[in-house]
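Each reported figure results from applying straightforward, stated rules to the coordinates on display, with no laboratory input. Quick caveat, the model's predicted, so the values are computed rather than measured. Cβ: placed from backbone, ideal geometry, glycine included. Neighbour counts: every protein chain shown.
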There are 2 protein chains.
Amino acid sequence: MKPLDGIKVIACEHFIAGPLCTMILGDMGADVIKVEPPQGETSRSLGPPFLGGEAAYYLSFNRSKRDITIDTGTPEGIEILKKLIKGADVLVENYRVGVMEKMGLSYQEVSAFNPRLIYCSISGYGHDSPLRDKPGFDAMIQGESGFMDITGFPEGPPTRAGFALSDNVAGLYAVQGILLALMAREKTGRGQHIDIALIDSLVSFLTYQAGNYFASGESPHRLGNRHPVITPYEMFASKDGYFILAAGTQRLWERLCHEVLKLPELTKDPRFLTMADRNVNQPQLKAIIEELTVQKSTDEWIELLEAAGIPCGRIRTVGTVLEDENLKARGMVVEKQHPTAGKIRLLGNPVNLSDTPGEINLPPPLLGQHTEEILKELGYNDEEIKELKAKGIV
Amino acid sequence: MKPLDGIKVIACEHFIAGPLCTMILGDMGADVIKVEPPQGETSRSLGPPFLGGEAAYYLSFNRSKRDITIDTGTPEGIEILKKLIKGADVLVENYRVGVMEKMGLSYQEVSAFNPRLIYCSISGYGHDSPLRDKPGFDAMIQGESGFMDITGFPEGPPTRAGFALSDNVAGLYAVQGILLALMAREKTGRGQHIDIALIDSLVSFLTYQAGNYFASGESPHRLGNRHPVITPYEMFASKDGYFILAAGTQRLWERLCHEVLKLPELTKDPRFLTMADRNVNQPQLKAIIEELTVQKSTDEWIELLEAAGIPCGRIRTVGTVLEDENLKARGMVVEKQHPTAGKIRLLGNPVNLSDTPGEINLPPPLLGQHTEEILKELGYNDEEIKELKAKGIV
């Protein structure tokens, strides 16, 4: 048994935030039907690299779904989509604000014929926002949310995360909203509209940085790889690279000085007595520690730090991480047979449920791979399907 | 009505991942009881800044909860905690692996007396991992997950996100797991164990960067603020700062050249014809565009780009973002009266549910603010409570 067995999801989606959300719902047992235009969504062609004709980009967000092509620019296409929505529990859409309305598929309209429907919209700034008409690309939101201004080095430029951070976070909040609405429906019998904005989602991650601003009135700045209120807690250079050392408590700090750095006098230095002292005098402390750390390799430091029980870590490449035995043991790298690409690897699902676990049900679909199957489930016969295909509607 | 009305959550937690998770559950209607040691959890003292004696850091993760102090180093303390757990639907813990076991509160032990309990553990590497005994601080995980190696500039060092990214992501996956387990319990009648690892959580965000590695066998590198397969889609310097320009489609690219840059010849330049061409020749294209962009201010460029319908954005400071009228209209900045700090501002909840919305129920609690109230709910009388206090157990 999977947690979302019996839940049907219609996915009017493209790029990342919608697809990530519905992929997770699919992993957890929902029957997800992805609706694509007959030419396929843009992200099928975002590459290289490609595998079996599909962009790795598309493969990353679309397993555990079935796929139907529909030309929603035609009345017949809209008719099919309405039939799908009529039988669904959840609709997810991450089109620009106004696109669903133009198709006659606003929440008001579809809830009239499916009042139990949970309708989740994901957009850049939100459906009731004064900025609702602005497009919502992740790179914009990384800048507009404040994230880039606090990421990177004081002497360098604002810095973007190396993946679509706001899309990812919004996708997770969308899942959360849908699960909450499904639970609420058990009691009320009604569906509802969920309105997720990329900007709200990423702003919510400012957490203590926002709290610091609210408390002090001072906007936080880029601090490189250090922490504003924990020291030493940052990246240090070694002889052959970098490593992270995170001495987050007084006990760890003292153990670090005595057992690893062999500089017990540091613990008595008035500049470094308490965490507050170390926060203020971080540049001096960093210089003292780094003078030592550049003399040994990362491997040597990790060994010393681990032996002393000091939290530490490596800067690993994506390739190293994904070949890691620990992650494989955790099911975070999964192999799946794909119709054209053969055996492909996918990231696993990080939510481990002991009694009703999810799984990757299906490989990412080919364009329109399940069009016929889904149309038949809606009651169309072979003749009608042939005609819809001939007209280019599916 | 709120989605989690009637759900009782016991929070054995500190720092971020656990507190963020239970704060969200509290916003959505759950009765969250946070268990703190009599001296308070470390994050109450992580500062400055402080407000009314509380660290802004603590205030950021702990609204919508009640608070009880328990010395879990005593048999009487464990007894109180067991009573709390006995009456709970959910237990969240983000202690080091083994700490709950030492208290006799492993999943096996507590499910024996509360088989409907949903028990969510959050740790650095996961409870069944070969690395389970390693501590799990966010800064380590940002390095170990591959995130830092793909964030920053090719000529610069690996770069940490300006907040506790892996903690935040793990907190959201924990919420997700708990909601899924609550739904499953409706059918099975049983609780279950949820095992969330910071490393799995942040690795899941590698998405297309992992997909690119799986497809090509080549580990992605830091690309600064550009996108690997969309160009131009990055930050440009202006006369007085920076801005983001995200021309994610062929149509937008052509409009950018004609209407904004006034360089129609670029669309015919063989180096920049298709997205794939622009991806390969990104450095040349960036140089051409930036030669223009440094001649005007960010305000001027944003106006020109918006007029032409080209997605664009500013690099905003955290302070600017949090004073933004749009975010306030979205309920993302909320005022709440705090017992010692007076009126404080908090980030709102980004999950907007039209029919059963969440809300910030309670301000972040003072240490042990609800100890008596909660003990009385467990059946302790005034005499007993007085004795527990005298002994320093609560």
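Note on region A:312-360: Cα-only Rg and Dmax are 13.1, 42 Å.
Expressed to the nearest 5 percent, the antiparallel share of DSSP beta bridges inside chain B is 40 percent. When +1 charges are put on Lys and Arg Cβ atoms and -1 charges on Asp and Glu Cβ atoms, the dipole computed for region A:233-314 relative to its Cα centre reaches about 200 debye. With no solvent and one equal point scatterer placed on each C-alpha of chain B, evaluate the Debye formula and give log10 I(q)/I(0) for q = 0.07, 0.08, 0.10, 0.11 Å⁻¹, two decimals. Ignoring solvent entirely, the Cα scatterers give -0.43, -0.55, -0.79, -0.91. For the Cα trace of the protein assembly as shown, dividing Rg by the Kirkwood Rh returns an Rg/Rh value of 0.96. Here region B:269-311 is treated as an ellipsoid with the same Cα gyration tensor; its semi-axes, largest first and in whole Å, are 23, 13, 7. Cα centroids of region A:340-372 and region A:249-295: 48 Å apart.
Tell me, rounded to the nearest percent, the portion of alpha carbon pairs in region B:1-145 spaced more than 17 Å apart. Tail fraction, whole percent: 63. Angle check, please: helix B:282-293 long axis (alpha carbons) against the longest principal axis of chain B (alpha carbons), in degrees 0 to 90, nearest 10. Computed tilt is about 80 degrees. The order of B:Cys12, B:Cys21, going from fewest to most other C-beta atoms within 10 Å of their C-beta, is B:Cys12, B:Cys21. Taking the Cβ of B:Ala17 as the center, what net charge do the other residues with Cβ under 10 Å away carry, scoring Lys and Arg +1 and Asp and Glu -1? Residues near B:Ala17 contribute -3 overall.
Taking a straight Cα-Cα cut-off under 17 Å and skipping sequence neighbours fewer than 8 places away in the same chain, the lysines within cross-link reach of B:Lys239 are B:Lys286, B:Lys296. Annotation: aspartates and glutamates with alpha-carbon distance below 14 angstrom to B:Lys83 (same-chain offsets under eight excluded): B:Glu109, B:Glu377. Look at where the Cα atoms of region B:151-180 and of region B:185-219 average out, and the two centres are 13 Å apart.
When only Cα pairs under 8 Å and 6 or more residues apart are kept, what is the percent relative contact order across chain A?
On the way: 687 pairs, mean separation 79.1, N = 394.
Across chain A, relative contact order equals 20 percent.
Considering chain B as a Gaussian network with a 10 Å cut-off on Cα pairs, which listed residue, B:Glu323, B:Glu372, B:Glu76, attains the greatest mean-square fluctuation? Comparing B:Glu323, B:Glu372, B:Glu76 in a Gaussian network model of chain B, the most mobile one is B:Glu323. Semi-axes of the equivalent ellipsoid for region B:215-264, computed as √(5λ) from the eigenvalues of its C-alpha gyration tensor and ordered from largest down, come to 25, 17, 6 Å.
Helix A:75-86 and the longest principal axis of the C-alpha atoms of chain A enclose an angle of approximately 60°.
In chain A, the longest principal axis of the Cα atoms and the axis of helix A:207-216 are about 60 degrees apart. Counting only DSSP beta bridges with both residues in region A:1-109, the antiparallel share comes to about 15 percent. Estimated from helices alone, the mean residue ellipticity of chain A at 222 nm is -10500 deg cm²/dmol (sum of -39500 (n - 2.57) over DSSP H runs with n ≥ 4, per residue). Candidate cross-link partners of B:Lys268 among the aspartates and glutamates, defined by an alpha-carbon separation under 18 Å and a same-chain spacing of 8 or more, comprise B:Glu254, B:Glu259, B:Asp277. In this structure, the residue pairs whose Cα-Cα separation is over 20 Å, taken from A:Lys187/B:Lys2; B:Lys82/B:Lys389; B:Lys2/B:Lys65; A:Lys187/B:Lys65, are A:Lys187/B:Lys65.
Along each principal axis, taking the top coordinate minus the bottom one, the Cα set of region B:233-314 gives 32, 22, 18 Å in descending order. Panel order for B:Met140, B:Met148, by other beta carbons found within 10 Å of each beta carbon, from fewest to most: B:Met140, B:Met148. Only beta bridges with both residues in the protein assembly as shown are counted; by DSSP, about 45 percent of them are antiparallel. When B:Val280, B:Val92 are sorted by how many other C-beta atoms sit within 10 angstrom of their C-beta, beginning with the fewest, the order is B:Val280, B:Val92. Summary value for region A:205-276: 18 percent relative contact order, contacts being C-alpha pairs under 8 angstrom separated by 6+ residues.
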